[in-house]
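These notes are about the structure you will find just below.
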């Protein structure tokens, strides 16, 4: 069987979430090819997966670059009831961009599918193009979530509305629905309004690297890791990370590890000399040696910490970050500081990290979350269900 893996444009972390299931299908003997915009080629290569370039991320890149100022973050429309209309508008914007991408590049993806002749499309849930492609070619589509998914019916209804004319012109009775939805997010963290999917154990996929020798060294104190994620600082700016650095500088008995890309290291600027800074080192290689984890709430980094049973502090900035932070707090496995005032309060951030380290209830709840994730079907087990979609 041939499986065409379809991530959304300019979303490397969404592709990384799909890597474990992609490799489970490879291990079963199936051919797997990733197809996406050129910016995703390096991510596919680091996962050891073949890649075909198709489409362009230019409009998505332009949308990120046109965000007026980092002062708009953290974005309040994702946490306050009075901003419900603005939140809906933001989800509509996401659907509109994906619908425009579908209209612009469906032909290119169709040409690739006609040449490679896949038996199944494994696609990120937000890539609306994949469902239309499956409809016009008759190829089954399995959708894959990236993590906490707060889009729900608002996204689906808007997608259906935007793509109705295109679907009609291609002889489709409506906007197609996937044959199966795979969800790698532990149920305790998933947004309450997310339509149910097939649970799958989250296996961290953070790229490749060399196992660091310093993780083997005996240490007297505790270790805290800070990681903003792979892509978000480009949009929201370094202010939150600088505040975290200032807050952790006061915890003299704690070893601090900042995990950054080279680009983000330049954005954050100088850090205290005693901090350990690692560039592009996969979190899964060392995060289980840490006593707490600080992030902005990106799905890949936060779910990696959850899978490894590490208590978390989240400083959410936009979109799904807020729901992830809230759900972590409700599970007792973390703390979310979601206001501008809170994220500027250096002593308050210090207090939150200290609470994660001193109050053992956070570690206990994180262990429960780890066990919940481990109890979900493995990617290998879900791959069997995925192949059943094709066999009927």
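The values are calculated or read from the model by the stated rules, or taken from the named source; none is laboratory data. Keep in mind that this is a model prediction, so the values were computed, not measured. Please note: Cβ atoms are built from the backbone with ideal geometry, for glycine as well, and neighbour counts cover all protein chains shown.
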Quiz prompt | Some residue of the range 102-122 being within 21 Å of the chain's Cα centre (by Cα), surrounded by 15 or more Cβ atoms within 10 Å (Cβ to Cβ) and modelled with pLDDT of 95 or more | solution = yes
Self-check item: Answer residue from the range 157-179, given it is in contact (Cβ under 8 Å) with a residue 40 or more places away in the chain and either assigned to a helix (DSSP H, G or I) or in contact with a strand residue (DSSP E or B) (Cβ under 8 Å, 6 or more places away or on another chain) (or both) and is surrounded by the most Cβ atoms within 10 Å (Cβ to Cβ) among those
Solution: 163
Quiz item: When residue 160 is evaluated against the numbered criteria (1) in the same structural domain as residue 386 (by TED's automatic domain parsing); (2) over 20 Å from the mean Cα position of the chain (by Cα); (3) under 18 Å from residue 293 (Cβ atoms), which criterion, by number, is the only one it fails?
Solution: (3)
Quiz prompt | Evaluation of residue 48 against (1) on the phi < 0 side of the Ramachandran plot; (2) surrounded by fewer than 18 Cβ atoms within 10 Å (Cβ to Cβ) (one fails), failing number | solution = (1)
Quiz item: Right, residue 278: outside any helix (DSSP H, G or I), touching a residue at least 40 places away in the same chain (Cβ under 8 Å) and under 16 Å from the mean Cα position of the chain (by Cα) or not?
Solution: no
Exercise. Considering only the range 211-222, state which residues are touching a residue at least 60 places away in the same chain (Cβ under 8 Å) and either under 27 Å from residue 60 (Cα atoms) or out of contact with any helix residue (DSSP H, G or I) (no Cβ under 6 Å at 6 or more places or on another chain) (or both).
Key: 212, 214
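Please state which one of 380, 367, 371 is farther than 28 Å from residue 238 by Cα, part of a helix (DSSP H, G or I), modelled with pLDDT of 95 or more and not assigned by TED's automatic domain parsing to the domain that holds residue 252.
380
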Practice problem: Considering every residue within the range 92-99, establish whether at least one is in a loop (DSSP other than H, G, I, E, B), within 23 Å of residue 299 (Cα to Cα) and modelled with pLDDT under 95. | Solution: no
Self-check item: Every residue from the range 306-341 that is in contact with a helix residue (DSSP H, G or I) (Cβ under 6 Å, 6 or more places away or on another chain), more than 23 Å from residue 364 (Cβ to Cβ) and outside any loop (DSSP other than H, G, I, E, B)
Solution: 322
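Against the condition in a helix (DSSP H, G or I), without any contact (Cβ under 8 Å) to a residue 12 or more places away in the chain and surrounded by 14 or more Cβ atoms within 10 Å (Cβ to Cβ), how does residue 83 come out, does it pass?
Spelling it out, residue 83 is indeed in a helix (DSSP H, G or I), without any contact (Cβ under 8 Å) to a residue 12 or more places away in the chain and surrounded by 14 or more Cβ atoms within 10 Å (Cβ to Cβ).
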Quiz item: In the range 304-323, what count of residues is obtained for those that are closer than 20 Å to residue 151 by Cβ and over 16 Å from the mean Cα position of the chain (by Cα)?
Solution: 0
Practice problem: Evaluate the range 142-155: report whether one residue or more is more than 26 Å from residue 386 (Cα to Cα) and either within 23 Å of the chain's Cα centre (by Cα) or surrounded by fewer than 20 Cβ atoms within 10 Å (Cβ to Cβ) (or both). | Solution: yes
Quiz item: Which condition number in (1) within 30 Å of residue 186 (Cβ to Cβ); (2) assigned to a helix (DSSP H, G or I) is the one that residue 108 fails?
Solution: (1)
Quiz prompt | Leading residue by the ranking (modelled with the lowest pLDDT) among those in the range 9-30 that are more than 20 Å from residue 119 (Cα to Cα), assigned to a loop (DSSP other than H, G, I, E, B) and touching a strand residue (DSSP E or B) at 6+ places or on another chain (Cβ under 9 Å) | solution = 11
Quiz item: With 234, 201, 219 as the choices, which residue is touching a strand residue (DSSP E or B) at 6+ places or on another chain (Cβ under 7 Å) and either assigned to a loop (DSSP other than H, G, I, E, B) or closer than 23 Å to residue 17 by Cα (or both)?
Solution: 219
Practice problem: Go through the residues of the range 243-252 one by one and say whether even a single one is surrounded by fewer than 15 Cβ atoms within 10 Å (Cβ to Cβ), outside the structural domain of residue 147 (by TED's automatic domain parsing) and not in a helix (DSSP H, G or I). | Solution: yes
Self-check item: Filter result (in a helix (DSSP H, G or I) and surrounded by fewer than 15 Cβ atoms within 10 Å (Cβ to Cβ)) within the range 349-364
Solution: 351, 358, 360, 361, 364
Quiz item: So which of 148, 154, 136, 182 is closer than 30 Å to residue 363 by Cα and not in a loop (DSSP other than H, G, I, E, B)?
Solution: 182
Exercise. Inspect all residues belonging to the range 68-91 and state whether any of them is in contact with a helix residue (DSSP H, G or I) (Cβ under 7 Å, 6 or more places away or on another chain), at pLDDT 95 or above and in the same structural domain as residue 386 (by TED's automatic domain parsing).
Key: no
